Amino acid sequence: MKKINVFLMGGTKESIEVIKHLKKNYNSHILTTTTTEYGGKLAKEGGSDSTISKPLPKDDLLEVLNGKTDFDLYIDATHPFASHVTKTAIEVSKICEIPYIRFERYASNLDNYDKTNIHTVKSFEDAGKLIEKKFNQVNVLHFAGANTMKDLVKFVSVEKFYPRILEVESSFKKCEKLAIPKENIIPMKGTSTVEENLELIDKLNAGLIITKESGEIGGVDAKIKAANIKNIPIILIQRPEIKELDKKTIVHNLNELDEKIKEYLF
């Protein structure tokens, strides 16, 4: 089988699935980039041949892609909310003339749920404004990651703000910079179950949940179910639209990935 060199932008659960799949089914060499050391560690454990564990701006990406390795595929398996990363990936792949594949998790089908408690907004700033207007007296359980906190604490009291963050130093530093009380911080790894979410709601006397529309793999279903059981509002931030993204380049599962690789390379 022809050997393929793959440049993979990861940092998500599905990116690890892609790595394992490529190593099992193809004669492949994979270079994975992640924004954190933790993400790089998981990629390495998943089978990636090499990793770069830091954010890569456009010029750095071009330097890597124009280096010694001739890459056959550029797979973007970053988070659906990392729109700026995907925009740069599309631009860079075109400059370097490397076939681009966007591996994107399915969105949640909200038709499957009672939407009484769901409030959808387009941005975290909009979420903050909604809380300030309608829910400013309740404790807020933030399930949307450390990078999004700054847009919310403009409108939400840090005393009532309880962020669930990845247990890494950079996330703790972001909390410290925003003056979020240490006792409010919830360090966890991976997604949480409905039961774990219910326990957090009870423990913190939370009256509202904030989350991204990051699909079932991102734990959205479990958060909506917990909010409905407790009859508390959940603010769901919609995925950003990426105008530069050609729908023909998007795959949602490993079978579709195989079809796209076959189309591009074989």
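What follows draws every value from the coordinates through simple rules; no lab data is involved. Computed from a prediction, not measured in an experiment: that's the story for all the values here. Glycine also receives a Cβ, built like all others from the backbone with ideal geometry; neighbour counts cover every protein chain displayed.
Scanning region 55-79 for residues being without any contact (Cβ under 8 Å) to a residue 24 or more places away in the chain and closer than 15 Å to I90 by Cα gives a total of 3. Of the residues making up region 148-195, just one is among the β-branched types (V, I, T), closer than 16 Å to E125 by Cβ and over 22 Å from the mean Cα position of the chain (by Cα), namely V156.
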